[in-house]
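Input: a single structure, listed below in structure tokens.
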Amino acid sequence: MRSLLLYAWLLILTCGNSYGQNVIDAKKDDINASPKYTATPFKSNRNYVYTRHQYPDANGAGLIIINSFPKSGINYTAPNGEKYVYAVFWTQFTNEAKEPLELKIDFPVDSFELPSAPGNFIKLLIPSDTMTLEKTTKFDYGLNVKTFLDNGRHKSSSLKRVIKPKESNSFYVVPLSNRGVNGTLRTEFYIKEQSLFYKINDKEIYCGSIKIKN
């Protein structure tokens, strides 16, 4: 009887160790299959940061995307007298990998309607200006909105930048709408299924990609 109990105990230990090893190996394979990204966070007053998304690689680091809260003067009147409502956001992509990353963004050319705000049509615009840490406390995050909208409100919005290893890149996004939303306006970039998406309140938009530059 003692021999049978000893045999059963050894069998349990052997199976348990084998199962644990399989779990560890599976997790290791999953990590190694992840995109090869690394990053560091945006060093700023946290009052300006809405979301922070981290995408780890095999080394435990990852690409980090920082999305801001809005800041704006709210109302804008075009040279032809048309009235709009705007907000200014910024986003930062940081790359600490050994390879450069290529960021591509293409927003819809036409305005779109927010599901939660019928009749509210928004167009997403990307100024060519670069956002910097020193601008976080400034009005409209330091962007000259009137000059930008006077000249660029009807243009298509796209962005293509190469983020070198150990560097960050920050840029603006300006939603321009025919009227304001009831409540808050929140936006963010994030990665899903290897593609880049932008979400504005309850509207999700496929908008591009970020990948290792060959």
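Any chance you could list P(r) for the range 86-141, counting all Cα-Cα pairs in 10 angstrom bins from zero, rounded to whole %?
16, 37, 33, 13, 1
If you keep only loop residues by DSSP, which GluC sites (Glu not before Pro) in the range 131-214 have at most 15 other Cβ atoms within 10 Å of their Cβ?
193
With a cut-off of at most 12 other beta carbons within 10 Å, and DSSP calling the residue loop, which trypsin sites (Lys or Arg not before Pro) in the range 130-184 qualify? Please list them.
Sparse-neighbourhood loop trypsin sites (Lys or Arg not before Pro): 138, 155.
Can you give the local net charge around residue 82? Use residues other than it whose beta-carbon is closer than 13 angstrom to its beta-carbon, Lys and Arg +1, Asp and Glu -1.
That works out to +3.
Output the pairs from 146/203; 135/203; 138/203; 104/192; 71/199; 71/123 with a Cα-Cα distance over 20 Å in this structure; if there are none, say none.
146/203; 135/203; 138/203
Would you work out the Kirkwood radius for the range 144-195? I mean one over the mean of 1/r across all pairs of different Cα atoms, in Å.
14.5 Å
When the Cα centres of the range 89-132 and the range 178-214 are compared, how far apart do they sit, in Å?
7 Å
May I ask you to give the solvent-accessible area per residue for the range 71-152, in square angstrom, as obtained with a 1.4 angstrom probe?
Ligands and nucleic acids excluded, the result is 47 Å² per residue.
Please sort by residue number the trypsin sites (Lys or Arg not before Pro) in the range 63-109 whose DSSP state is loop and whose Cβ has at most 14 other Cβ atoms within 10 Å.
Those that pass, being in a loop and sparsely packed, are 98.
The values are calculated or read from the model by the stated rules, or taken from the named source; none is laboratory data. Bear in mind that the values here come from a model prediction, so they are computed numbers and not experimental data. Methodologically, a virtual Cβ is constructed for each residue, glycine included, from the backbone with ideal geometry; neighbour enumeration extends over all protein chains shown. Remember, those area values only see protein heavy atoms, side chains included, never the ligands or the DNA or RNA. Shrake-Rupley method; radii C 1.70, N 1.55, O 1.52, S 1.80 Å.
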